[in-house]
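Below is one structure, written out as structure tokens, with a few remarks after it.
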Amino acid sequence: MDVWSSLMDGFSTALTPLNLMYAMIGVILGTAVGVLPGLGPAMTVALLLPVTYALEPTSAFIMFAGIYYGGMYGGSTTSILLNTPGESSSVVTAIEGNKMAKAGRAAQALATAAIGSFVAGTIGTTLLAVCAPIVVKFAVSLGSPSYFAIMMLALLAVTAVLGKSRLRGFASLGLGLAIGLVGLDSVTGQSRLTFGIPLLSDGLDIVVVAVAIFAVGEALWVAAHLRRTPLHIIPVGRPWMGKKDWQRSWKPWLRGTVFGFPFGALPAGGAEIPTFLSYVTEKRLSKHPEEFGHGAIEGVAGPEAANNAAAAGTLTPMLALGLPTNATAAVMLAAFTSYGIQPGPQLFSSQGPLVWALIASLFIGNLLLLLINLPLAPLWAKLLQLPRPYLYAGILFFATLGAYSVNLQAFDLVILLVLGALGFMMRRFGLPVLPLILGVILGPRLEGQLRKTLQLSAGDPAGLFSEPIAVGIYVIIGIILAWPLVLRLIRRNRPAAAPAVPSSPDSHAGPESIHHETTPVQHKQEKP
Amino acid sequence: MSSAVTGLKGRAELGVAHLLGVVGVLVFLDANGLVTPYSKSDPVGPKTVPFIVAGLLVVCAVLLAINVLRGGKGEAEGGEDVDLAHPADWKTVLPLAGAFLLNILLIDWAGWVISGTVLFWGSVLALGSRRYIRDGIISVALSLLTFYGFYLGLGIALPAGLLEGIL
């Protein structure tokens, strides 16, 4: 398949006036909802899913493309103007971005974030268009054992690498897998965990689960700890940059992109690590290192570019393997399945026009984002002042509406409330949300691959290791799982080897100091 | 668990371990109750994965309980509007959940316009707004707007309920 001609076909689908309008609506809705505190891109997509039900799949996904990038960009606006980032990927942007805003350079901070996002998003989407078909070519040769291993890797990596407490990550994963079990077994037709309730035999709708955990759980959690003192919001005019800002921004944009895309494409990459790496790199390479910590523009340009490039990278395994690696991709995958479309290597051959229209609209959405958001920034800043009672009542209202409109049954709202309470509890006790969502989505597919694998090997567990790729992936999984033990061993041996300087902070040099540096970024779990 | 709960105030996180354990046991019992003849075409069967999940949950429950008893603590999640300095405000959360529940009870009988109004109005009040009239008008407007928006724009007919024929 020729990438170029497919992409051009995609553009011709996406550029019809009607689809262009959907992309525009997506960008505006995505940014508006993304700017609102407490609402990240995944929740934006989940809440807006019902709006797209009436559309045909192509138009719906064109709108998603806009929502996806819009939600990402909205989050960075919030962190620059408020200094309380809601998403882990915006934490680094807030460090310098808010300092710039306080120093009266909010317009430049927003401009370098917007233009950097555009540059990184465009390069990232180009890489996606080039890489995805290559991954597909490689993926069609894989059998069930390899798929099983890849999904295991994604689940375990997200659970073990992201978040602060592995134990709590695995607890969350277990709950997600249990939720995924509810319903009729796809092979034998036996009902599992339905407790005799016929409404449960179709399983729990992923949209309902996602809206419950993300939106309802978040609204209840914020309600319990609502900040009664208004936050200080920095007013802003139209974003612009001077010549010097451009000179200082363009290299960080490109370097940030280089960090962001590969990490986004990895099973547990996410945007946290590349944004942080980009920040550290810019600080080291900057000609004005003294400005870091007081509002250096490089510290906004690099991480924002890394963030958006990672967002594009995430779509590579999502489209090519059907493997979501962050919450937003997980919700988008749920959206695909609700249209009866199964992401994975076959997607490019069976739904080629749709996929290429989606990729084309990512380019378009990116451009629209830049054209719309530069003039609208002052308006978005006003949105931050929306009274909190309306904001969180509105989240509950639209969450209810969205979950109800899927099947038009009040029973779904009971599930929404129960799982919302679960989401509340998880936030209270620091259980990360992402492993649960991935468990719900990947659990059933994982089981399917496992059964297919052992069916082929007539029940012999050795069948799991019958493909070299699978064996390689198990080795990687082993390393990921064993890594903390290795760290602990190293740490235990270090003080004994160098007892002379026990009080020096450098006595734990090596892996631990790296670990320390990364913690502030990894502390916050990704907010949907 | 009752004996453990009395001496362990401030260790509410043990409840999480308890929940994990209960869910794990439930998953196990449910899978154990399935009757499946061995079939060559499906050597794994519908029980295996639930057993693994149940095991994972129970192991997590035990480890979490040990972790909490040793002083481990899950870090509560922050956010733009979250102020963790004050304790959980149940006077806000419970009425909020109440409004939600009321909506569930009303939606099929009274219809979305009424139940949605109750939901939004109740939530706004629970969250501390005191402009009753303005909030009420906004609630009714939102419900009507979404009702007609979904019907005309998306072709989804939300229940009209008591207002059937008027709307």
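The values are calculated or read from the model by the stated rules, or taken from the named source; none is laboratory data. All figures in this text were calculated on a predicted structure; none of them were measured in a lab. Here Cβ is always computed from backbone atoms with ideal geometry, including for glycine, and neighbour counts include all displayed protein chains. Quick note on the areas: whole protein, heavy atoms, side chains included, nothing else; ligands and nucleic acids left out. Shrake-Rupley method; radii C 1.70, N 1.55, O 1.52, S 1.80 Å.
Quick notes on this one:
- Farthest positive-ward along the stretch A:182-268 dipole, Cα basis, beta-carbon charges - from A:VAL258, A:VAL222, A:ALA210: A:VAL258
- Local net charge near A:GLN455, Cβ-Cβ under 10 Å (Lys/Arg +1, Asp/Glu -1): +2
- Phi angles of the stretch B:15-26 translate, via the Karplus equation with coefficients 6.51, -1.76, 1.60 and θ = phi - 60°, into HN-Hα couplings of x, 5, 4, 4, 4, 4, x, 4, 4, x, 5, 4 Hz per residue; Gly and Pro are given as x.
- Spin-label model distance (nm) - A:LYS382 vs B:GLU164, 7 Å beyond Cα toward Cβ: 4.3 nm
- Cα→Cβ-extended label distance, 7 Å offset, between B:TYR132 and B:LEU34, nm: 5.5 nm
- Under the shape rule built on the C-alpha gyration tensor, where the axes satisfy a ≥ b ≥ c, chain B is oblate, since a/c reaches at least 1.5 while a/b does not exceed b/c.
- Under-5 Å amide H pairs with A:SER191, H placed in peptide plane, nonlocal only: A:ASP185
- For A:LYS382, the lysines whose Cα falls under 19 Å of its own Cα, not counting residues fewer than eight places away in the same chain, are A:LYS102.
- Restraint check, A:LYS99/A:LYS164; A:LYS164/B:LYS73; A:LYS452/B:LYS40, Cα-Cα greater than 19 Å: A:LYS99/A:LYS164
- The slack in the chain from A:VAL3 to A:LYS287, taken as 0.36 nm per residue of separation less the alpha-carbon distance, amounts to 98.2 nm.
- Positive contributions from Lys and Arg (+1) and negative ones from Asp and Glu (-1), summed over other residues with Cβ under 11 Å from the Cβ of A:LEU376, come out at +2.
- Rounded if a/c under 1.5, otherwise prolate or oblate - chain A, Cα gyration tensor axes: rounded
- Calculated from backbone phi, Karplus (6.51, -1.76, 1.60) coupling profile of the stretch B:93-98 in Hz, x at Gly/Pro: 5, 5, x, 4, 5, x
- Sequence-ordered 3J(HN,Hα) estimates for the stretch A:381-396 from the Karplus curve with 6.51, -1.76 and 1.60 and θ = phi - 60° stand at 4, 5, 4, 5, 8, 3, x, 4, x, 5, 4, 7, 5, x, 4, 4 Hz, glycine and proline given as x.
- Local net charge near A:GLY352, Cβ-Cβ under 13 Å (Lys/Arg +1, Asp/Glu -1): -2
- When only alpha carbons are used to place a centre, the stretch A:158-217 and the stretch A:61-125 end up 32 Å from one another.
- Residue-span extension gain [B:TRP109 to B:LYS73] - 0.36 nm each, minus C-alpha spacing: 8.5 nm
- Using a probe radius of 1.4 angstrom, the carbon and sulfur fraction of the accessible surface of the stretch B:2-69 is 71%.
- Evaluated with a Cβ-only charge set (Lys, Arg +1; Asp, Glu -1), chain A carries a dipole of roughly 1380 debye about its Cα centre, given to the nearest 20.
- Candidates A:MET426, A:PRO133, A:ASN98 compared by Cα position along the dipole of chain A: farthest toward the positive end lies A:ASN98, with charges placed on Cβ.
- Global geometry of the stretch A:334-448, whether rounded, prolate or oblate, following the gyration tensor of its Cα atoms and the 1.5 cut on a/c: oblate
- Options B:GLY55, A:ILE490, A:LEU442, ranked by Cα towards positive dipole end of the protein assembly as shown, top entry (Cβ charges): A:ILE490
- Partner aspartates and glutamates for A:LYS283 [C-alpha distance under 20 Å; skip if fewer than 8 residues away on the same chain]: A:GLU96, A:ASP245, A:GLU272, A:GLU291, A:GLU298, A:GLU304, A:GLU517
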